[in-house]
Structures are given as structure tokens and as C-alpha cells.
Amino acid sequence: MDFRCEATTKQTLCAWGDPSTRAVVTFGPTFTLERAAPETHEIRDDIRKPIGPGS
């Protein structure tokens, strides 16, 4: 998995890419890289959980 974060004066962006998912998460300017990176990992983990009956 490729995981990256970048901070600008207007926003903090974190993104990942792996064989089954790719996404970018945008945070407001008050989010630091130290705060955005773990939050993005948690979002990725939640997205990858199966949904539906029997999951």
C-alpha cells in the first residue's frame, strides 16, 4: 500500500492506493499531519470492512 500525506496552507491531504482501493481524504487547515495521518488510516480501515448480511 502506498500512503502519503501533504500539508498546504489551506488544507491537509492524505491518500492511499492499493490493489483494491484508492482514495484521497481532505482535512481543513487546522489538521496537522500528525493528526491527519492516523485519522486517514482509521478511515481506510473502516472503508475496507465488508458490509451486508454475514459480514
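The values are calculated or read from the model by the stated rules, or taken from the named source; none is laboratory data. Worth saying up front: this structure is predicted, and the values here are computed from it rather than measured. When we count neighbours, we look across all protein chains shown, and the Cβ atoms used for this are built from the backbone with ideal geometry, even at glycine.
Scanning region 32-49 for residues that are more than 18 Å from residue 1 (Cβ to Cβ) and part of a loop (DSSP other than H, G, I, E, B) gives a single hit, 32. Screening residue 20 against (1) of a type in the set (Gly, Ala, Ser); (2) surrounded by 10 or more Cβ atoms within 10 Å (Cβ to Cβ); (3) in a loop (DSSP other than H, G, I, E, B) leaves a single unmet condition, (2).
All of (1) of a type outside the set (D, E, K, R); (2) modelled with pLDDT under 90; (3) touching a strand residue (DSSP E or B) at 6+ places or on another chain (Cβ under 6 Å) hold for residue 40 with one exception: (2).
For region 22-34, a tally of residues being within 11 Å of the chain's Cα centre (by Cα) and in contact (Cβ under 8 Å) with a residue 12 or more places away in the chain returns 4.
Return yes or no: is residue 15 among the hydrophobic types (A, V, I, L, M, F, W, C), surrounded by 13 or more Cβ atoms within 10 Å (Cβ to Cβ), within 12 Å of the chain's Cα centre (by Cα) and part of a helix (DSSP H, G or I)? When the stated conditions are applied, residue 15 does not pass them. All of (1) exposed (fewer than 12 other Cβ atoms within 10 Å of the Cβ); (2) assigned to a helix (DSSP H, G or I); (3) not charged (D, E, K, R) hold for residue 29 with one exception: (2). Across region 1-12, the qualifying residues are those that are of a type in the set (A, V, I, L, M, F, W, C) and assigned to a strand (DSSP E or B), and the one among them that is farthest from the chain's Cα centre (by Cα) is 7.
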